[in-house]
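Working notes for the structure below.
Every number here is computed from the coordinates shown, using simple stated rules; none is lab data. All of these numbers come straight from a predicted model, not from anything done at the bench. Here Cβ is always computed from backbone atoms with ideal geometry, including for glycine, and neighbour counts include all displayed protein chains.
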Amino acid sequence: MKTLISLKHAHATIDSLGVATLTIVEAGTLNILSTPVIHDLTMALSELAHNTEIRTLVFRGSGDKAFVAGANINEMATLTRKSAVTFISNLRDLCETTRMFPVPVIARIPGWCLGGGLELAMACDVRIAALNTQFGMPEVKVGIPSVIHAALMPRLLGQARASWLLLSGENISTEQALQWGLIHEAVALAEVDQRIATIANNFAALGPAVLKQQKNLLKRWEQLSLSDSIADSVQEFGKAFETGEPQKFMNEFLAHKLATKK
């Protein structure tokens, strides 16, 4: 395991397969997002995005009490209109840097995932949670609306479920989050790291060019109509054959198929 980044609030490593892990550090047991934490995580992600060794990224908090239990209320309680815009703009940049990271990002979610932490998790591509995790958007309970990447929620859950979470401020269980499509899988806490390792290693075994290409297409399709999305993908299919990956993987598949017939 090699260290890629070591900041006060962000530590990143990479293994021999190209699986990188970004860990929130020195942010309390609940990995609360204060301005210094947001700053270091955004810096780390921006630097990691240019590292061609990375095949996939696991995003996690320290310990098992939370992925992120929200933004720092002590800091937010002192904000003015101007400083509030600055604070939320910084959090937006963190979530957007995560969402646009060039390779798949897997969120490791135990314990609590609330408010800005849930927005950060929704900006990841894959969300794996431990059983007994609580999810929620409690902002309305402290006098502020849920904003920035809360806008992803209607796309992920549908309007009715998103409205309930955002207007009520109530939490939902892991089971309900899974049923609603907020997370991809839920496993026992003791199994979370192994399940994430399996998923990350599967991503790492794929061609790096095609994985980046597919993620880029998914992001573009969010902005395009269905007809434009279909048309847009035709040239991307052609571009794939310039990378050498289709030739490599297809020939390996055909060779394996031939060998199994003998």
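Points to keep in mind about this one:
- Only Lys, Arg (+1) and Asp, Glu (-1) charged, at Cβ; the chain dipole about Cα centre in debye: 300
- In this structure, the amide hydrogen of LEU4, modeled 1.01 Å from its nitrogen in the peptide plane, lies closer than 5 angstrom to those of ALA12, THR13, ILE14, counting only residues at least 5 positions away or on a different chain.
- Principal-axis analysis of the Cα atoms of the chain puts helix 208-221 at an angle of about 50° to the longest axis.
- Residues TRP112, TRP164, sorted so that the one with the fewest Cβ neighbours within 10 Å comes first: TRP164, TRP112
- Each of PHE203, PHE237 has some number of other Cβ atoms within 10 Å of its Cβ, and from fewest to most they run PHE237, PHE203.
- Its DSSP H runs of at least 4 residues, each contributing -39,500 (n - 2.57), put the calculated 222 nm mean residue ellipticity of the chain at -15000 deg cm²/dmol, to the nearest 500.
- Nonlocal amide H pairs with LEU33, under 5 Å, H built at 1.01 Å: GLY70, ALA71, ASN72
- Cα-based helix-to-principal-axis angle, 189-205 vs the chain, degrees rounded to 10: 40
- Pairs of lysines in the stretch 2-205 (C-alpha under 30 Å apart; 8 or more residues apart or interchain): 5
- Label-point separation in nm, SER16 to ASN74, each point 7 Å along Cα→Cβ: 4.3
- Evaluated over the stretch 208-261, the Cα radius of gyration and Dmax, each in Å: 14.5, 45
- DSSP-assigned coil residues among GluC sites (Glu not before Pro) in the stretch 224-262, each with at most 14 further Cβ atoms within 10 Å: GLU242
- In terms of overall dimensions, the C-alpha atoms belonging to the stretch 98-155 reach 36, 27, 16 Å along their principal axes, ordered largest to smallest.
- Couplings for the stretch 67-72, taken from phi via the Karplus curve 6.51 cos²θ - 1.76 cosθ + 1.60 with θ = phi - 60°, read 6, 8, 8, x, 7, 6 Hz in order; Gly and Pro are left as x.
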